[in-house]
1. Taking the stretch 184-208, which residues are in contact (Cβ under 8 Å) with a residue 60 or more places away in the chain, surrounded by 13 or more Cβ atoms within 10 Å (Cβ to Cβ) and in a loop (DSSP other than H, G, I, E, B)?
2. Quick one: what pairs do we get from the stretch 251-268, first residue in the same structural domain as Gly323 (by TED's automatic domain parsing), second outside any helix (DSSP H, G or I) and of a type in the set (Val, Ile, Thr), C-beta under 7 Å, 6+ apart or different chains?
3. Touching a Gly at 6+ places or on another chain (Cβ under 7 Å) and either modelled with pLDDT under 90 or not in a loop (DSSP other than H, G, I, E, B) (or both), is that true of Thr229?
4. Among the helices (runs of 4 or more DSSP H) contained in the stretch 252-312, which hold 1 or more residues that are among the hydrophobic types (A, V, I, L, M, F, W, C)?
5. Go through Gly17, Gly56, Gly62, Gly49 for me and flag whichever is closer than 16 Å to Ala116 by Cα, surrounded by fewer than 15 Cβ atoms within 10 Å (Cβ to Cβ) and small (Gly, Ala, Ser).
6. Give the residues of the stretch 171-183 that are at pLDDT 85 or above and farther than 10 Å from Val129 by Cα, sorted by residue number.
7. Can you confirm whether the stretch 327-334 contains a residue that is closer than 24 Å to Asn221 by Cα, in a strand (DSSP E or B) and of a type in the set (S, T, N, Q)?
Amino acid sequence: PNDDEVAVAMKQCNADGPLMVYISKMVPSTDKGRFFAFGRVFSGTLSSGMKVRVMGPQYEPGKSHDLFHKTNPRAVILMGSKITSVGDVPCGNIVGIGGIDKFLVKSGTVTTFEKAHNMKVMKFSVSPVVRVAVEVVQANDLPKLVEGLQRLAKSDPMVQCSFEAGQHIVAGAGELHLEICLKDLEEELACVPIRKSEPVVSYRETVSQKSSQVCLSKSGNKHCRVYMTAEPMPDGLPEEFDSGKVTGMKDVKERGKFLSEEFGMDSHQTRKIWCFGPSTSGPNMLMDVTKACQYLHEVKDTVVAGFQWATEEGVLCEENMRGVQFNLEDLVAHSDPAHRKGAQMIPATRRCLFASFLTASPRILEPVYQVDIDVPPSVMGGVFNVLSKRRGHVIEEQQKSGSPMYSIKAHLPVNESFGFAAELRGQTGGQAFPQCVFDHWQLLPGDPLEQTTRAGAVVTNIRQRKGLNPVIPKLDNFLDKL
């Protein structure tokens, strides 16, 4: 709320108001395994010895989930590598709080106000698109690596650590970001020697047209049938998901109005969106376009679970899907609840989603960096050579005012960016300075179902790396006949 006691105190930066601290990340402390919660005091004064409420990102007012009470938190000021304990920290200051690291993973809110709402979690414009697998040199060091990865995930809000196909995966924003993270992991967080794989780029699976047919899949017991189609989302809509604008709208009518006005979608249909995925907030959606279906709401949860599974691990190469709208055209469920349980409905839904995806002209999306390069005019030719060799293209070039230097903006596929800075320095005698930031996803040319195309080669490589059959499963594996 904009007008409650806390909001007013924050607007006025009132040191005598209720305490509100936003925690943005965790900073490793000298005490091994412990962290300082790093954040900013927006209102009130943080004092050592006071009793505070620690609210995680899942906390809802009036409920006790993700809410913790802490007496006597330690307030410190972080100055480079030095840590100085302080008694009071008034609002407007950056602060480190000791003793609450076990309650928070990455971010949260610390307050003294009973009715306080959570502060909105920061959104990062950078997507973790480069991944490496890490392993220990000596097997008995594995527990230290696992602990080190947990500390790394806590201390850097942009890093994602996961365990996939028997490998520990670290995902970061780029080659340099990962290099720094792995150096920290080896020398400070895990303190054991590690081996790392070559960096690997994340891709996304999408479709380019509407399904050529309505796809049918039956449950294992043959008592339930699911009918679906797939189609691409309107242009620009997946980016609205990335910013959290669509998924942040809790009111169905408000969201429907936004989608119909901005993207020309049918306002009646937008009210029948069941969910988004993967992880309930991804840039894919499941829409109910059925007419008079029996037992539909009894099986809704299992259909949604199948949708989340399918969008997280797509059919082409088990990468996330992006920008796909799935339409549930019809559903026939058995009258006996025992015959329409999750064990029957979830795999049937997943197979039907895969079938409709394969009939909608599937494509692969690759991540693209925006590269900003400052360069003198004498070596601009070298910059253009390196970019063209790596499938990059210049989108803007202009001379900096009051300087002989030129500023070049270009798009460069992330897959082509490894070693880019070193090659650029070599071609320009060290006079060009590149900065890479994730910008957007673009279609990879070619049909991924054809192994001879660039997209097909990428899919085959990913499938081999993940230990899957190099050949994409045929449509007949997912499509059933009446």
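The values are calculated or read from the model by the stated rules, or taken from the named source; none is laboratory data. Fair warning: this is a prediction, and the values are worked out from it, not measured in the lab. Cβ placement follows ideal geometry from the backbone for every residue including glycine, while neighbour counts extend to all protein chains displayed.
1. Ser197, Pro199, Ser202, Tyr203, Ser208
2. From the stretch 251-268, the pairs are Arg255/Val246.
3. On the way: touching a Gly at 6+ places or on another chain (Cβ under 7 Å): no; either modelled with pLDDT under 90 or not in a loop (DSSP other than H, G, I, E, B) (or both): yes.
Answer is no for this residue.
4. Working: elements: 252-263, 267-270, 296-312.
Once the helices (runs of 4 or more DSSP H) in the stretch 252-312 are filtered for at least 1 residues that are among the hydrophobic types (A, V, I, L, M, F, W, C), what remains is 252-263, 296-312.
5. Values: Gly17 fails: surrounded by fewer than 15 Cβ atoms within 10 Å (Cβ to Cβ); Gly56 fails: surrounded by fewer than 15 Cβ atoms within 10 Å (Cβ to Cβ); Gly49 fails: closer than 16 Å to Ala116 by Cα.
So the residue among Gly17, Gly56, Gly62, Gly49 that is closer than 16 Å to Ala116 by Cα, surrounded by fewer than 15 Cβ atoms within 10 Å (Cβ to Cβ) and small (Gly, Ala, Ser) is Gly62.
6. Correct list: His177, Leu178, Glu179, Ile180, Cys181, Leu182, Lys183.
7. So in the stretch 327-334, the residues closer than 24 Å to Asn221 by Cα come out as 327-334.
The next check asks that each one be in a strand (DSSP E or B); those that pass are 327-332.
Then keep just the ones that are of a type in the set (S, T, N, Q); that gives 327.
Yes: one or more hits.
Table: residues versus (1) in contact with a Phe, Trp or Tyr (Cβ under 9 Å, 6 or more places away or on another chain); (2) more than 20 Å from Leu176 (Cβ to Cβ); (3) of a type outside the set (D, E, K, R); (4) modelled with pLDDT of 90 or more.
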| site | (1), (2), (3), (4) |
| --- | --- |
| Arg363 | no, yes, no, yes |
| Pro367 | yes, no, yes, yes |
| Gln370 | yes, no, yes, yes |
| Ile395 | no, yes, yes, yes |
| Gln398 | yes, yes, yes, no |
